[in-house]
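The next block holds one structure in the form of structure tokens; read it before the comments.
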Amino acid sequence: AEEEIAKKRADSPPPSEVVFQSEKNLLLRELETFLKCEQRLWQEGSMPLYLEAPFGRGPEAVQEAGIGRKDAVEYELPGGDKILVRGSIDRIDYLPGLDRYRVWDFKTGGTSIYKHGDRIKQGRQIQPSLYTIAAEVILHDRHPGAVVKDAGYLFPTEKGEGQKYLREQDRRDEAGRAVELMLDLISEGAFCVAENKDKDYPPCNFCDYQAVCRYPQVLNDHKLKKENPANTILGPWKELQKYE
């Protein structure tokens, strides 16, 4: 028996080689998923035009990307106030057949919190709307009159299964209003706890700071505050829940 065990150990690859092969196989699967995702986009007529397009990150970032805006993009809210937005757009596509542009945000995780019918998701998925406006500002420097009709999330990994969630950007005022509501809450110091509406992805279950806000007791406390008609500070939060 000891001789057999010794022989198996001698024939087995070292742990470092096992890890290497495992990582290699994972990388190959990831590449296969990515290529399939790209193939589907290509068949739909959506071709990558710019990658990592920065805005508000200075001239060096623009020079490195070959496209972008050194200054932050000014965004006028429906109520007349203006805010400055900065970031980096993962990818801008061009659709020659439709003569329009599209914005993608890459995600490396799973898709459990995303649904095809969602637009703003109570302000938790506002990024595509904001980046659509920034993309048009960036594009107008080289493509006057460019219009970004849709934007979405792209999951080109094995975990994301190459899925995509694309959303028409025809309700910009609604997105702007959602931003206004969130700013109203922040200005009042009202930072509402995330509710566990999504059974597949209850947000507080994955938070490292549950002890800070006394979860799950805070859910009951927040419920009482929401149901109190005298609590006008949470008025913007209640309105924000209407924005799916």
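The values are calculated or read from the model by the stated rules, or taken from the named source; none is laboratory data. Everything numeric in this text was worked out from a predicted model, so none of it was measured. Cβ sites come from the backbone with ideal geometry, for glycine too, and all protein chains shown count toward neighbours. Note: areas computed on protein heavy atoms with side chains; ligands, DNA, RNA excluded. Shrake-Rupley method; radii C 1.70, N 1.55, O 1.52, S 1.80 Å.
May I ask you to list the residues in the stretch 147-179 that are under 24 Å from GLY80 (Cα atoms) and part of a loop (DSSP other than H, G, I, E, B)?
Scanning the stretch 147-179 gives VAL147, GLN169, ASP170, ARG171.
Restricting attention to the stretch 129-140, does a residue exist that is free of Cβ contacts under 8 Å to residues at least 60 places away in the same chain and assigned to a loop (DSSP other than H, G, I, E, B)?
If we filter the stretch 129-140 for residues that are free of Cβ contacts under 8 Å to residues at least 60 places away in the same chain, which is where we start, we get 129-132, 136, 139-140.
Checking the rest, the ones that are also assigned to a loop (DSSP other than H, G, I, E, B) come to 140.
Yes, there is a match, as at least one residue in the stretch 129-140 is free of Cβ contacts under 8 Å to residues at least 60 places away in the same chain and assigned to a loop (DSSP other than H, G, I, E, B).
Please state which of the following conditions GLY110 fails to meet, knowing it meets all the rest: (1) within 28 Å of LEU31 (Cα to Cα); (2) at pLDDT 90 or above.
The single condition GLY110 does not satisfy is (2).
Of the residues that make up the stretch 162-178, is at least one among the hydrophobic types (A, V, I, L, M, F, W, C), surrounded by fewer than 18 Cβ atoms within 10 Å (Cβ to Cβ) and closer than 17 Å to TYR243 by Cβ?
no
Is there a residue being open to solvent by 20 Å² or more (accessible area, probe 1.4 Å) and in contact with a strand residue (DSSP E or B) (Cβ under 9 Å, 6 or more places away or on another chain) anywhere in the stretch 179-198?
There is at least one residue in the stretch 179-198 that is open to solvent by 20 Å² or more (accessible area, probe 1.4 Å) and in contact with a strand residue (DSSP E or B) (Cβ under 9 Å, 6 or more places away or on another chain).
Within the set of pairs 6 or more residues apart or between chains, which connect a residue that is touching a residue at least 40 places away in the same chain (Cβ under 8 Å) and open to solvent by less than 40 Å² (accessible area, probe 1.4 Å) inside the stretch 229-244 to a residue that is assigned to a helix (DSSP H, G or I) and among the acidic types (Asp, Glu) with Cβ atoms less than 7 Å apart?
Qualifying pairs under 7 Å: PRO236/ASP184; TYR243/GLU174.
What's the number of the condition GLY66 fails, among (1) over 30 Å from LEU240 (Cβ atoms); (2) at pLDDT 95 or above?
Checking GLY66 against (1) over 30 Å from LEU240 (Cβ atoms); (2) at pLDDT 95 or above, the one that fails is (2).
Identify, please: which residue in the stretch 17-60 is over 16 Å from VAL103 (Cβ atoms) and aromatic (Phe, Trp, Tyr) and is, among those, most open to solvent (accessible area, probe 1.4 Å)?
TRP42
List the strands (runs of 3 or more DSSP E) inside the stretch 14-109, counting only whole elements, that have at least 2 residues being out of contact with any Cys (no Cβ under 9 Å at 6 or more places or on another chain) and within 15 Å of GLY152 (Cα to Cα).
Correct list: 47-55, 87-95, 100-106.
Which ones in the stretch 209-228 are surrounded by fewer than 15 Cβ atoms within 10 Å (Cβ to Cβ), in a loop (DSSP other than H, G, I, E, B) and either modelled with pLDDT of 85 or more or not basic (Lys, Arg) (or both)?
Passing the criteria: TYR209, PRO216, ASN228.
If you check PHE155, PHE206, which single one turns out to be hydrophobic (A, V, I, L, M, F, W, C), closer than 20 Å to LYS115 by Cβ and open to solvent by 80 Å² or more (accessible area, probe 1.4 Å)?
PHE206
Across the stretch 70-85, which residue is farthest from GLU180 (Cα to Cα) among those that are out of contact with any Lys or Arg (no Cβ under 9 Å at 6 or more places or on another chain) and surrounded by 12 or more Cβ atoms within 10 Å (Cβ to Cβ)?
First, the residues of the stretch 70-85 that are out of contact with any Lys or Arg (no Cβ under 9 Å at 6 or more places or on another chain): 80-85.
The next check asks that each one be surrounded by 12 or more Cβ atoms within 10 Å (Cβ to Cβ); those that pass are 81, 83, 85.
Values: ASP81: 9, ILE83: 10, VAL85: 14 Å.
Taking the candidates together, the pick is VAL85.
For the stretch 86-100, which positions are open to solvent by 20 Å² or more (accessible area, probe 1.4 Å) and farther than 23 Å from GLY58 by Cβ?
Restricting attention to the stretch 86-100, the residues satisfying the condition of being open to solvent by 20 Å² or more (accessible area, probe 1.4 Å) are 86, 88, 90, 94, 96-100.
Those that are open to solvent by 20 Å² or more (accessible area, probe 1.4 Å) and farther than 23 Å from GLY58 by Cβ: TYR94, PRO96, GLY97, LEU98, ASP99, ARG100.
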